[in-house]
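Asks: Structure provided below as structure tokens; questions to follow.
Read the figures in this text as sums done on the coordinates, not as results from a lab. Quick caveat: nothing in here was measured; it's all calculated off a predicted structure. Because the Cβ atoms are built from the backbone with ideal geometry, glycine has one as well, and the counts that use them run over all protein chains shown.
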Number of protein chains: 2
Amino acid sequence: MTGKESVTNKPTGQTLGEYLANVRTSKQLSLREVEEAAGGIVSNAYLSQLEHGRINKPSPNILHSLAQVYGVPYETLMEKAGYIAAATPDQTASRRHGRVATFAKDNLTKEEEEALLEYLAFLRSKKGKRSL
Amino acid sequence: MTGKESVTNKPTGQTLGEYLANVRTSKQLSLREVEEAAGGIVSNAYLSQLEHGRINKPSPNILHSLAQVYGVPYETLMEKAGYIAAATPDQTASRRHGRVATFAKDNLTKEEEEALLEYLAFLRSKKGKRSL
DNA sequence: GCAGCTTGCTTGAGAAATTTAGCGGACAGC
DNA sequence: GCTGTCCGCTAAATTTCTCAAGCAAGCTGC
């Protein structure tokens, strides 16, 4: 499609539904077209409910899909859906981290690590299976 | 209800629930700890249902959150939840770099990862109890 | 004009997902 | 002993989401 982004939307007091409806009509897409463009992740029926405010908090993956299709920032939708509060333009992208990665690194003791390495070696030595 | 269902130690056939339970216990996290670490995106109650296979298709954002907290590849969870058709081991191995952070030394295949997690859980279960 | 077809949207029922509130058990401190 | 807190779990209530219609409007050819 022609990349015509003349969608002048100020994140003012628009609800999620209003906003979505606005963007869609601006781009002159039908509900069914959006459904298709989203790869079926949102049904046209569901979109309708969304635009009419019958659903308060669609799950983030739906919003993500719509953000893609509409070419609007994901954060905007997330904010309007009430997942992230307010959002001063400052903290849009980098919210809180730290905690998440903590577990990632590991809490293996040395013994455990050795045992696991050994076991892994064992696993690999007998690798002859072809399943899956 | 106390389904002792086949605890086949065949790592390949782990369900989403089994896998999640496995990872969590390996890391010695309680349900409520995970809830907290995920920023409240998954409730402890929900996690419990998840681990017991009472939920078929948790939404991708939940899975993503858990993947972050547990440090396991998102794709693995997505696949186990049935969103993407099972990838061949080869594809999975080379697909991305989020490999098991618990054991980042080696490049583990998905099967190996599962086997090791299971084994680790086994190791720790013998070793004694949690001292909090 | 009006049948038949298509396109855009809406609706309602029902199946899932997700949250809230609460249970009984284990364990520490008093 | 009690008391409080944490654990995993579950039943029930709420909400999201899907699916199968339905309605109105704009065609087309007759």
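Asks: Sorted from shortest, what are the nm distances separating the label point of B:ARG32 from equivalent points in the other copies, each placed 7 Å from Cα along Cα to C-beta?
Replies: With the label placed 7 Å along Cα→Cβ, B:ARG32 yields 5.3 nm.
Asks: While we're looking at this one, here's another question. Output the pairs from B:LYS27/B:LYS80; A:LYS27/A:LYS80; A:LYS57/B:LYS27 with a Cα-Cα distance over 30 Å in this structure; if there are none, say none.
Replies: Table pairs above 30 Å Cα-Cα are A:LYS57/B:LYS27.
Asks: Quick one: if the Förster radius is 41 Å, what FRET efficiency do B:SER48 and A:SER26 give, using the C-beta to C-beta distance and rounding to 0.05? Intermediate results must be reported in sequence, preceding the final value.
Replies: Numbers: r = 44 Å, r/R0 = 1.08.
Efficiency, rounded to the nearest 0.05: 0.40.
Asks: Enter the per residue convex hull volume of segment A:16-80, computed from alpha-carbon coordinates, in Å³ rounded to the nearest integer. If you can, show how the numbers build up before the last one.
Replies: Working: hull volume 4.3 nm³, N = 65.
It is 67 Å³ per residue.
Asks: Where the centroid of each part is defined by its Cα atoms, how far is segment B:41-74 from segment A:51-75 in Å?
Replies: 21
Asks: For B:SER59, place a label point 7 Å out from Cα along the Cα→Cβ vector, do the same in each other copy, and report the separations in nm, one decimal, smallest first.
Replies: 0.6
Asks: Moving on to the next point. Return the average number of partner chain Cβ atoms within 10 angstrom of each residue Cβ along peptide A:47-56.
Replies: Numbers: counts 0, 0, 0, 0, 0, 0, 0, 0, 0, 0.
Taking the mean over all residues of the peptide, I get 0.
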